[in-house]
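The values are calculated or read from the model by the stated rules, or taken from the named source; none is laboratory data. Computed from a predicted model, the values in this text were never measured in an experiment. Virtual Cβ from ideal backbone geometry, glycine too; neighbours counted across all protein chains shown. With ligands, DNA and RNA removed, areas are computed over all heavy atoms of the protein, side chains included. Shrake-Rupley method; radii C 1.70, N 1.55, O 1.52, S 1.80 Å.
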Amino acid sequence: MNNNKVYDLIGIGGGVFNLSLAVMLEEQGFENAIFFERNETIHWHPGLLLDTSELQVNFMKDLILPVSPTSKYTFINYLHHRNLLYQFLNRKTDTISRNQFQAYFRWVADMLPSLRMNSTVEQIRHDGELFIVTVNGEDYFAKDISIAAGIKSNVPECAKDVISDDVFHVTEFARRRDALAGQRVSVIGSGQSSAEVFADVFSQNHCKSIHWLGRRYSFAQLEDNCFVNEFYSPSFIKVFKGLTTDKKKDFIQRMEMSSDGINQGLLDNIYRSIFDRKFFTEHDCDYAIRPYHELQAIEKSGSAYVLTFKNLLQGDTYTLESDKVILATGFKSASWDLLQSLVSDEYQSVDELKISDDYELHWQHMGKNRIYVQNTSKMQLGLGDPNLSISAYRAAMIANSILKKPVFQTQPDTPLLGYM
């Protein structure tokens, strides 16, 4: 390949969001783009891809269907291609596993000539005329870039010094799962990931004890009713962008459980499992479930760890000894790490970013070279920014901007709520 070639677009990251953009450009015959993905194949939260992991959005919110329903790249066409559509419909449920969607993403990725796997983006520079993207030690040049670098683990400050094979983020769970046998396990977190890990470990019946603790007032279910889902529509994103910073913060806090809650079915299954185990079997695992308890410190003590918690309801503090600690403490966007070198003169933090309606970042060279951002700033773009619900819409806005014409329908909804 001639690395001196100038691409119209380089995509940093080949995960779900840039995959959606790559699909749309490919469908329109746009050939002067290349997308770099560091993994050798599409991995969608691999550390948490358990057999019981479920998708929290409707399966029709795939890479392209909301903006181009007749596309060959839809999830429905993937099922049709595999002769699975009738059996999929016969399941009589709208719920699907994350494994199914990962298989769909891989099927799409295999059809994209613009996608390069095993390609780690190490640096992005700008020479005044073009972007210079260093990939696996080689430089590539582009007029515009689309950054969707995925997510990285959010580790509490009090745990950073003790991260190890025994104290690890939930993204490491799948490969460290077998090492939990016979151990005292603590799961820290209040969201879907913590619930999935607790349910999996508890059902295996091979750990010595398991404690599940989170700082939220409750292990609350996902708010997923019809009206709440309106907040994950293109129309409401435009409303959110026009709010003041204080209003944005207040809205995100109030509606947190619409994105970070736990599937009700999973919560119900956990409760039933505990009931059955405690009262009707001989396998009464030592367990504790403690919402509204905040982790304050972790210290190594011999071969174990002493965890200090504050009971936020009662106000007292106490310690708990564990052999293994799983931190289901959320994620942060990784895109800011790559953006900083380009926009350090304009922005000091990711929350300051100014992003246009077509997801172009405001920066000193924006009239000449465009930076498109995806899953980068929830504070600027709302709860839907890291969510699959708006991925096709956002990619369509970017694709239309790149193609310089309204190829994809970007007004795909007619809101029913009075916010708009």
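Could you pull out the longest piece of the chain with no exposed loop GluC sites (Glu not before Pro) in it, calling a site exposed if DSSP puts it outside H, G, I, E, B and it has at most 13 other Cβ atoms within 10 Å?
Values: sites that count: E31, E40, E129, E282, E346.
Between exposed loop sites, the widest span is 130-281.
For the chain, what is the relative contact order in percent, using Cα pairs closer than 8 Å and at least 6 residues apart in sequence?
It comes to 22 percent, rounded to a whole number.
Distances over 37 Å make up what percent of all Cα-Cα pairs in the chain?
28 percent
State the extension gain, in nm to one decimal, for the chain segment bounded by R106 and Y318, taking 0.36 nm per residue of separation less the distance between their alpha-carbons.
Result for the pair: 71.7 nm of gain on full extension.
Taking K and R as +1 and D and E as -1, what net charge do the other residues with C-beta under 11 Å from the C-beta of N58 add up to? Mind dumping the intermediate values first?
Working: positive: K61; negative: D62, D94, D224.
Overall, the nearby charge balance is -2.
Provide the gained length on full extension for the span Q87 to D165, in nm with one decimal, where the gain is 0.36 nm per separating residue minus the Cα-Cα distance.
Residue separation times 0.36 nm, minus the Cα-Cα distance, leaves 23.9 nm.
Could you state the accessible area per residue of the chain in Å², with a 1.4 Å probe and every protein chain left in place?
Working: 20040 Å² over 420 residues.
That works out to 48 Å² for each residue.
Report the local net charge at Y104: Lys and Arg +1, Asp and Glu -1, summed over other residues whose C-beta lies under 14 Å from its C-beta.
+3
How big is region 166-244 by the Kirkwood estimate over distinct Cα pairs, in Å?
Computed over region 166-244, the radius equals 15.2 Å.
Looking at this model, which pairs from K61/K332; K72/K368; K5/K378; K354/K405; K238/K404 are more than 28 angstrom apart at the alpha-carbon? Numbers along the way, then the final one.
Numbers: K61/K332 23 Å; K72/K368 33 Å; K5/K378 34 Å; K354/K405 23 Å; K238/K404 21 Å.
Result: K72/K368; K5/K378 exceed 28 Å.
Spin-label point model (7 Å from Cα, Cβ direction): what's the Q409 to E256 distance in nm?
3.7 nm
Ignoring ligands, DNA and RNA, what percent of the accessible area of the chain is carbon or sulfur (1.4 Å)?
47 percent
Summing -39500 (n - 2.57) over the DSSP H runs of n ≥ 4 in the chain and dividing by its residue number, what mean residue ellipticity at 222 nm do you reach, to the nearest 500 deg cm²/dmol? Intermediate results must be reported in sequence, preceding the final value.
Details: 14 runs with 122 residues, N = 420.
So the helix-based figure for the chain works out to -8000 deg cm²/dmol.
Can you tell me how much longer the chain between Y271 and T308 gets when fully stretched, taken as 0.36 nm per residue apart minus their C-alpha distance, in nm with one decimal?
Answer, rounded to one decimal: 10.7 nm.
Select from S164, S259, S333 the residue whose mean-square fluctuation is largest in a Gaussian network model of the chain (Cα-Cα springs shorter than 10 Å).
Among S164, S259, S333, the largest mean-square fluctuation in the Gaussian network model of the chain belongs to S164.
Considering just Cα atoms, how many Å³ per residue does the convex hull of region 1-124 enclose?
Numbers: hull volume 15.6 nm³, N = 124.
Here the figure is 126 Å³ per residue.
Just to compare against my own numbers: the Cα pair-distance distribution for region 317-364, 5 Å bins, whole % per bin, please.
Result, from short to long distances: 4, 14, 20, 16, 9, 6, 7, 9, 8, 6, 1 percent.
I need the P(r) histogram for region 234-325: all alpha carbon pairs, bin width 10 Å from 0 out to the longest distance, whole percents.
12, 23, 30, 22, 11, 2
Using only alpha carbons, build the gyration tensor for region 288-367 and give me the equivalent ellipsoid semi-axes, biggest first, whole Å.
Details: eigenvalues 358, 48, 25 Å².
In descending order the semi-axes read 42, 16, 11 Å.
Cα atoms only: what Rg and Dmax, in Å, come out for region 341-420?
Rg then Dmax for region 341-420, in Å: 13.8, 42.
Can you tell me, using C-alpha contacts under 8 Å and at least 6 residues apart, the relative contact order of region 221-293 as a whole percent?
That works out to 40 percent.
When all alpha-carbon pairs of region 262-395 are counted, what percent fall beyond 24 Å?
Value for region 262-395 (Cα pairs over 24 Å): 59 percent.
At a threshold of 8 angstrom on Cα-Cα distance, excluding pairs fewer than six apart, so keeping six or more, what relative contact order does region 79-208 reach in percent?
About 11 percent, as a whole number.
For F30, what accessible surface area do you get with a 1.4 Å probe? Give it in Å², rounded to 10.
Counting only protein heavy atoms, F30 exposes about 40 Å² to solvent.
If you rank K310, K248 by how much accessible surface each has, with a 1.4 Å probe, what is the order from largest down? Before the final figure, lay out the partial values.
On the way: K310 70, K248 15 Å².
Greatest to least solvent exposure: K310, K248.
Report the paramagnetic label zone for C158: residues of region 297-315 whose backbone N is under 12 Å from a point 7 Å from Cα along the Cα-to-Cβ axis.
Counting only backbone N, you get 297-299, 306-312.
Can you list which of the trypsin sites (Lys or Arg not before Pro) found in region 373-420 are DSSP loop residues with at most 12 other C-beta atoms within 10 Å?
Hits after loop and neighbour filter: K404.
Roughly how much of H43 is accessible, in Å² to the nearest 10, using a 1.4 Å probe?
80 Å²
Roughly how many Å² of I163 are accessible to a 1.4 Å probe, to the nearest 10?
Ignoring ligands and nucleic acids, I163 comes out at about 80 Å².
At a Förster radius of 25 Å, what calculated FRET efficiency corresponds to the Cβ-Cβ distance of K354 and E230, to the nearest 0.05? Display every interim value, and only then the final one.
Values: r = 26 Å, r/R0 = 1.02.
Computed FRET efficiency for K354 and E230 comes out at 0.45.
Please report, in whole Å, how far the alpha carbons of region 157-198 spread along each principal axis, starting with the longest.
24, 23, 18
Over every pair of different alpha-carbon atoms in region 50-209, take the mean of 1/r and invert it; report that Kirkwood radius in Å. If you can, show how the numbers build up before the last one.
Values: mean 1/r = 0.0505 Å⁻¹.
Hydrodynamic radius (Kirkwood, Cα only) of region 50-209 equals 19.8 Å.
Please find the FRET efficiency linking E223 to E31, where r is the Cβ-Cβ separation and R0 is fixed at 35 Å, and quote it to the nearest 0.05.
0.25
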